[in-house]
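Derivation of every value follows stated rules applied to the coordinates shown; laboratory data play no part. These numbers come from a predicted model, not from an experiment. Because the Cβ atoms are built from the backbone with ideal geometry, glycine has one as well, and the counts that use them run over all protein chains shown.
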Amino acid sequence: MESSSTQPPLERGRACARCRRRKMRCDGLRPACTQCQRADRAEDCEYLDGPGPTQNQILEGEIARLEGRIAQLSAGSAPLTLHDPYAAWHQAQRSAQNTNDPMRALVRQFIQHATEFGFFLQIHRFLDKVFSPGSSHSNSLRILLNVIYLIGAKLSSNPQVQAQEQAYLTRALQHLPTALPEDPRGAMYVMQAEVLLTNYFFNSDRKLEGVYHMNAAVSIAMASKLHMIRSARRSRTAGDATTYRLPPAADHLEEGERINGFWTVFILDRCWAVATGSAPAFRDDEATGTQIDTPWPMDLAAYQNHPFPSDFRSVQTVQSFISGVEGDATLASQSMLAMHAKAAILYESATRLASRYNPSSQATFLSLDNRIERFKQALPRIERYDPARVDVVRAALLVHTLSQCATIQLHTPLVQDRVTANSRTYQAAHAAMRALRGVNVGILTCINPFAGILWGSVGKVISQAMLTARRMRAAGAANTSQSLPDERTLQTELERLILAMEQAAPFSPFMAAQIRTLHPSRTT
């Protein structure tokens, strides 16, 4: 192979940005030049000779837009509306698509579905850190970037890009064990990488690896005491050797990222504990130092526009919700992440109570049943959200389905496999299907992998209702039309459910596996 030293000189102005900064000879090789590859910095190899604006110009324009928006809000001259946190990035990248930068292309691919993989960092700050010329990347940031490239490659429709998926995965996993000791403030990057890997592996139907990385994310959150942010009480584990001390948050936004990061990990822990048949790690027990006092998450913009007062403290966040001390009057104005966390609490609580149900626990059963129903009634309808915000619509659908599945989990021991129109499990499954009918299934090509678990539960109830109807009609049961749903309706609902799941199946082996569990119930 001919070395770069014998190649003809590169045309002036065609060197990559990193070689220009370091005044090194660049061979112009794309997507990454030889110098950057040798330094293991291929992800930093960026060419600025395209027709689009440079990254500095993009960021300066975005800062100006944000400053103008903040001024409007401060003056009270504009209503608070729901903004797409990724809109500016999408617009900037459309302008720069001809730069042939494969790394930006992977980030673009990821950003379109970041919510479904649990991305909780503030996108503009993160991209500024990644793409600003001259910025240095810590080991923890490189790990997170490689995970983002991994997911971008997985979601790509380009076979050549998809072929790089394993390389990005290998690169990320190689450096994970050494990330935290060298970079204390980078703990949030590592936890974010673990969350993304968790959903990546669950989505790929690699449950054991998914559980491993979920436990790693939980360990970082617990050791960093993210469950005690703004706590009104002193920690019982302050001197524990397992405590990992994060530096104080630099500003309100960084504190918000930590709060939202905690609740993202909490949701993973509560939901997948049910799917794997294990106990959640966040036990919310003061005696073991796992009490959850962190306030409910907000949209990231709210931490800047309406920060917590300096003396604000929180206590017993989960316990106050589950007991009903905290009502649902303000639920519609809360963040989607907060609604998701509350639905996850009810879902896991219902599963746990149902697993040990006996007649003596009737009062506890009725109390939780009423709590779930009040929550479901307070949820904003999916139709209220802008259909153009497909990320929000997908999240709202997940929350509605999760809350209906809480009812299914709670009542399954009572109904067992005899499902009629009056069964609470069927009513909840029918309500979940009503929510699904209100959504364009075309937006479900990529969705949170736990949707596969939920839709599997809904499909199982529908299938049981069909079998109940056939058994009762075969037995000549009287007045069956009053207690059984129409079999044609059931078949239509099951077909609709499988159609929605099939949208995600090409990119999700896990969803494809869930579909196979429902296929025996389909009629040809």
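In nanometres, what is the gap between the two model label sites at Ser310 and Gln174, each 7 Å from Cα along Cα-to-Cβ?
Taking the simple label geometry, Ser310 and Gln174 are separated by 4.7 nm.
Filter Lys23/Lys154; Lys225/Lys342; Lys225/Lys460 down to the pairs with a C-alpha to C-alpha distance above 30 Å, please.
Exceeds cut-off: Lys23/Lys154; Lys225/Lys460.
Once amide H atoms are placed 1.01 Å from N in the peptide plane, what residues at a sequence separation of 5 or more from Ser314, or on another chain, have their amide H within under 5 Å of its amide H?
Counting only residues 5 or more places away or on other chains, the set is Ser231, Ala232.
Taking 4 °C and 1.567 mPa s as the conditions, I'd like the Stokes-Einstein D for the stretch 301-351 in µm²/s, using the Kirkwood hydrodynamic radius from alpha carbon pairs.
103 µm²/s
Given the peptides 309-322, 418-431, 283-296, arrange them by the average over their residues of other C-beta atoms within 10 Å, most packed first.
The packing order, highest mean first, is 418-431, 283-296, 309-322.
Multiply the residue separation of Ala475 and Ala163 by 0.36 nm, subtract the distance between their alpha-carbon atoms, and state the gained length in nm to one decimal.
106.7 nm
Any idea how far the Cα center of the stretch 399-423 sits from the one of the stretch 117-151, in Å?
When both Cα centres are located, 41 Å separates them.
Report the extension gain between Arg14 and Ser278 in nm, rounded to one decimal, defined as 0.36 nm multiplied by the number of residues separating them, less their alpha carbon distance.
89.5 nm
Rounded, prolate or oblate: pick one for the stretch 320-434, where a ≥ b ≥ c are the square roots of the eigenvalues of its C-alpha gyration tensor, a/c under 1.5 means rounded, and failing that, prolate if a/b is larger than b/c, else oblate.
oblate
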